[in-house]
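The values are calculated or read from the model by the stated rules, or taken from the named source; none is laboratory data. None of the values given here were measured: they were computed from a predicted structure. Heads up, the Cβs are rebuilt from the backbone with ideal geometry, glycines too, and the neighbour counts pull from every protein chain shown.
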Amino acid sequence: MESRPPGLVVEHSDSWAYFPPDWEQQGSWREATRHLRHPFTSRARTKSFTRWWAPVLENAVATGCVGVFLHAGFRGLLEQPDLVVRLVRHEHDPAVPAAQAIDEVLRNALRPDDPRLAPPVIEPVPGSDVGAVRVRQRVGGRRWAKVQEHVRWLVPVAGVVWELSTSSTGRVEDMERRLPKIDALVNGMRDPMRNADVPFVVLRPEMTAAGGLLVRDIPHSSLTIDREGGEVIWEDDAVRQRRVELPLGTGPGEVAGLLRASYPPVKAGHPRIPDVFRLMLVDDSGRVVARSAAWAAAYMDKMWPVELLETSGLPVQTRRFSNTRLLNKAHPGAAPLWVFSGGLWLLMLWALLGAVVVLAVGGLLAGNPIWSDWSGFLGPLWPDWSDFFGR
């Protein structure tokens, strides 16, 4: 499977789970752990995550951390993760070679003045195609005794140096068995903007996506990236049939990335209501500048697969939100009508207000307002409306 930290794609096994720094605010932990072993009921799943995984995440997420990778053991969410790997991003001059950029990061990260730390052992990551290195430092101890070891992986990908770090206390042999798992995680890191230098790209959704539910005008839907002209042309699908021209860049209102967002159209608390998805064009701050019509989430990987969208040269994110309120909070403009579909309580509130309005208007039209008969119920607290309505 794939995880997508900002500006990076990581291909890894199903035993890994990636969490962004704001995992708690955005409620994204359910989507991040969907593929792991878990109890059958949703309540038991939440209880297990809160007991075993949430404390680990709270301690792992630090300042400057892009995200955290947790490795699940055999029991999945029913036990603490056996590996915790932090992900940090280090910017550097694109003109500087990757090896020199790694040396600069090492110079700032290693602290030889600590007498407890053994000299660092720097070695290449086995199987790396980008020149990734691994740095190991131990805190004393003999071979068969328990030692504390700090390990860093420095990977030059996508014009920056990514640092993965972990710490472990135990026998040396135990750490030796864990290193290949993180090495495989490092070797799965790649650039999501492999076609960033392509001057002109036209993308169209896959025609066989909707499985018999194709709308006749879906062939006219397209996404055009014109880097020479500095603009993005979005041809919406048959529901709206419109053409939008947007600037390409990193400023407010300029297209800087693509978002595949899936969410329940109405959070009514019923599993039979299927999720929908929209392809959204977002600026650098995450605000939505254009979005497609809603389609069934089952068609997302068929209509707009990640591999197709990555050919645009723009960073692509795929996220699921539990309701439209969280979607609009994370990406303003994604669901402007979230107050009507953001949850069951909001639906009940609007239904109650609608019923009151209908009764009030009906009473006024019939000449007998409903509040005129409530004086007996409220007693002296209810005002006399007879003079106001001419009675």
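Some notes on this structure:
- Residue selected from the stretch 32-57 under the condition closer than 13 Å to Tyr18 by Cα and of a type outside the set (A, V, I, L, M), by the criterion surrounded by the most Cβ atoms within 10 Å (Cβ to Cβ): Trp53
- Single residue of the stretch 308-329 satisfying the filter (among the small types (Gly, Ala, Ser) and surrounded by fewer than 21 Cβ atoms within 10 Å (Cβ to Cβ)) that is farthest from Glu231 (Cα to Cα): Ser322
- Selection of the stretch 176-209 for residues being among the hydrophobic types (A, V, I, L, M, F, W, C) and modelled with pLDDT of 80 or more yields Leu179, Ile182, Ala184, Leu185, Val186, Met189, Val201, Val202, Leu203.
- Scope the stretch 258-283; condition surrounded by fewer than 18 Cβ atoms within 10 Å (Cβ to Cβ) and modelled with pLDDT of 85 or more; matching residues: Asp275
- Per the listing Arg51, Arg34, Arg30, the residue uniquely within 18 Å of Thr318 (Cβ to Cβ) and assigned to a helix (DSSP H, G or I) is Arg30.
Residue-by-condition table, conditions (1) in a strand (DSSP E or B); (2) outside the structural domain of Arg34 (by TED's automatic domain parsing); (3) of a type in the set (S, T, N, Q); (4) touching a Gly at 6+ places or on another chain (Cβ under 6 Å):
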| residue | (1), (2), (3), (4) |
| --- | --- |
| Leu57 | no, no, no, no |
| Leu70 | yes, no, no, no |
| Pro81 | no, no, no, no |
| Arg86 | yes, no, no, no |
| His92 | no, no, no, no |
| Gln100 | no, no, yes, no |
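- Qualifying positions in the stretch 149-172 - modelled with pLDDT under 80 and not β-branched (Val, Ile, Thr): Ala158, Gly159, Gly170, Arg171
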